[in-house]
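The values are calculated or read from the model by the stated rules, or taken from the named source; none is laboratory data. Quick caveat, the model's predicted, so the values are computed rather than measured. Cβ sites come from the backbone with ideal geometry, for glycine too, and all protein chains shown count toward neighbours.
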Amino acid sequence: MDILNVLARYGQLKITPLMQKANINFNVAKENLEFLMKQGLVEEKIVGKHNDNVFVIAQRGVTALKYFREVNQAIPIFRTAESPRLPFNQNHALARAIF
């Protein structure tokens with residue numbers, strides 16, 4: 001969810017600023033971006049005169065993020081006192097149910 005949150009907040013980003021803002025390493029970013037793109041939640045675009053690759057949240061990603069926030073507000077299972085920050089895990093049962 002961190003990647004979706006970052007892209008929703010900052011708009012299109014290259015991979016390095018995305019990694020920094022989401023506080024994840026390259027391998028985690030690559031794996032999660034591939035998953036999110038396969039699900040249609042994130043899109044990769046080529047922009048600018050240098051043909052830079054950037055990532056942007058897709059409309060489906062905005063919708064998924066909205067629903068996730070509603071579920072998390074009703075049942076706060078992802079951020080608790082014991083676990084203030086859980087990483088996005090595509091194998092988590094709730095993540096599989098949402099996506």
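For the reader, a short list of remarks on this structure follows.
- Among the helices (runs of 4 or more DSSP H) confined to the stretch 22-99, the ones with at least 3 residues that are at pLDDT 55 or above and over 16 Å from the mean Cα position of the chain (by Cα) are located at 59-74.
- Close pairs from the stretch 16-35: first in contact (Cβ under 8 Å) with a residue 40 or more places away in the chain, partner in a helix (DSSP H, G or I), Cβ under 6 Å, at least 6 apart: N32/I3
- Output for the stretch 21-53, where each listed residue is farther than 28 Å from E70 by Cβ and either out of contact with any strand residue (DSSP E or B) (no Cβ under 9 Å at 6 or more places or on another chain) or surrounded by 16 or more Cβ atoms within 10 Å (Cβ to Cβ) (or both): N25, F26, N27, K30, K49, H50, N51
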